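For reference, the structure discussed in these notes is given below.
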Amino acid sequence: VGEHPDRLHSQAAFACLTGVAPVDASSGKHEHHRLSRAGDRQANAALYRVVIVRLAHHQPTRAYLAARLRPGTKMTKKHLIRCLKRYLAREIYPRLMADLAALHDPQPTT
């Protein structure tokens with residue numbers, strides 16, 4: 001988050017900061033999103049590592065991947081990892097905001 005936590009005003013802003021927000025690359029009737037190379041690469045790498053560990057040990061994540069990689073679907077494993085990183089960023093954002101609020105608004109001691 002750094003020295004300016006006020007820049008995280010939404011989940012989308014957090015996703016952009018970590019480089020997991022999809023970038024629109026549509027043209028005409030063809031809708032397509034591509035990988036964002038912007039953002040904090042260390043945060044992006046941390047999200048990637050969490051997703052890889054979840055793929056190995058977290059049953060709901062493994063079930064999601066298996067369902068999406070069925071024959072007939074056009075999703076690749078790389079694309080699904082990008083989707084899972086975005087999902088993870090949405091999962092982390094409220095917890096991060098709660099931690100930041102607690103950090104900036106300490107409870108009064110009696």
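Of the helices (runs of 4 or more DSSP H) entirely within the stretch 40-110, those holding at least 2 residues that are more than 25 Å from Ala12 (Cβ to Cβ) occupy 41-57, 59-68. In the stretch 69-81, which residues are more than 14 Å from Arg54 (Cβ to Cβ) and either more than 16 Å from the chain's Cα centre (by Cα) or touching a residue at least 24 places away in the same chain (Cβ under 8 Å) (or both)? Result: Leu69, Arg70, Pro71, Gly72, Thr73, Lys74, Met75, Thr76.
Give the stretch 16-39 a look and list any residue that's part of a loop (DSSP other than H, G, I, E, B) and touching a strand residue (DSSP E or B) at 6+ places or on another chain (Cβ under 6 Å), or say none. Within the stretch 16-39, Pro22, Ala25, Ser36 qualify. Within the stretch 90-109, is there a residue that is closer than 14 Å to Gly19 by Cβ and buried (at least 16 other Cβ atoms within 10 Å of the Cβ)? For the stretch 90-109, residues closer than 14 Å to Gly19 by Cβ and buried (at least 16 other Cβ atoms within 10 Å of the Cβ): present. Output the residues belonging to the stretch 47-60 that are closer than 15 Å to Lys85 by Cβ and either at pLDDT below 95 or over 16 Å from the mean Cα position of the chain (by Cα) (or both). His58 - this is the single residue of the stretch 47-60 that is closer than 15 Å to Lys85 by Cβ and either at pLDDT below 95 or over 16 Å from the mean Cα position of the chain (by Cα) (or both).
The values are calculated or read from the model by the stated rules, or taken from the named source; none is laboratory data. Source: prediction; values computed, not measured. Glycine also receives a Cβ, built like all others from the backbone with ideal geometry; neighbour counts cover every protein chain displayed.
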